[in-house]
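J.: Here it is: the structure, laid out below.
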Amino acid sequence: MNFTDEHLSLLNSVNDSLELKCLLQAAIETSSEEIEGCPVFFDSVLCWPRTPAATWAVQPCFAEFKGVKYDTT
């Protein structure tokens with residue numbers, strides 16, 4: 001199969017995406033030891049880490065999202 005530059009560009013952009021990194025992390029952690037709690041989860045904005053039962057996962061606020069700037073102070 002021959003890939004065009006357009007296909008390679010698209011593939012590279014997918015490879016660099018947060019969602020793909022999150023899915024890879026989930027796959028790696030799924031294959032490792034089992035723990036009770038929440039699995040790695042991508043909510044279309046953030047990648048939430050695997051979280052043990054009875055604990056909280058916290059993510060920092062982003063400075064900008066889809067062109068909208070947020071106060072992160």
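J.: I need every pair where a residue in region 46-59 that is farther than 14 Å from E29 by Cβ has its Cβ under 7 Å from the Cβ of a residue that is of a type in the set (D, E, K, R), sequence separation at least 6 or different chains.
T.: If the second residue must be of a type in the set (D, E, K, R), the pairs left are A53/E36.
J.: Where the second residue is modelled with pLDDT under 80 and surrounded by 12 or more Cβ atoms within 10 Å (Cβ to Cβ) and the first is farther than 24 Å from G67 by Cα and of a type outside the set (D, E, K, R) and lies in region 27-45, which pairs have Cβ atoms under 7 Å and are six or more apart or on separate chains?
T.: V40/E29
J.: Take the residues in region 23-42 that are surrounded by fewer than 10 Cβ atoms within 10 Å (Cβ to Cβ) and of a type outside the set (G, A, S), then tell me which one is modelled with the lowest pLDDT.
T.: E33
J.: What number of residues within region 43-52 satisfy the criterion of being part of a loop (DSSP other than H, G, I, E, B), hydroxyl-bearing (S, T, Y) and modelled with pLDDT of 85 or more?
T.: Selection size over region 43-52: 0.
J.: If I ask for residues that are surrounded by 10 or more Cβ atoms within 10 Å (Cβ to Cβ) and over 17 Å from L23 (Cα atoms), which ones from region 45-59 would you list?
T.: Hits for region 45-59 are P52, A57, Q59.
Matching residues to (1) modelled with pLDDT of 75 or more; (2) of a type in the set (G, A, S); (3) in a loop (DSSP other than H, G, I, E, B):
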{"residue": "N2", "(1), (2), (3)": "no, no, yes"}
{"residue": "L10", "(1), (2), (3)": "no, no, no"}
{"residue": "K21", "(1), (2), (3)": "yes, no, no"}
{"residue": "T55", "(1), (2), (3)": "yes, no, yes"}
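The values are calculated or read from the model by the stated rules, or taken from the named source; none is laboratory data. Computed from a predicted structure; not experimentally measured. All Cβ positions, glycine included, derive from the backbone under ideal geometry; neighbour counts span all protein chains shown.
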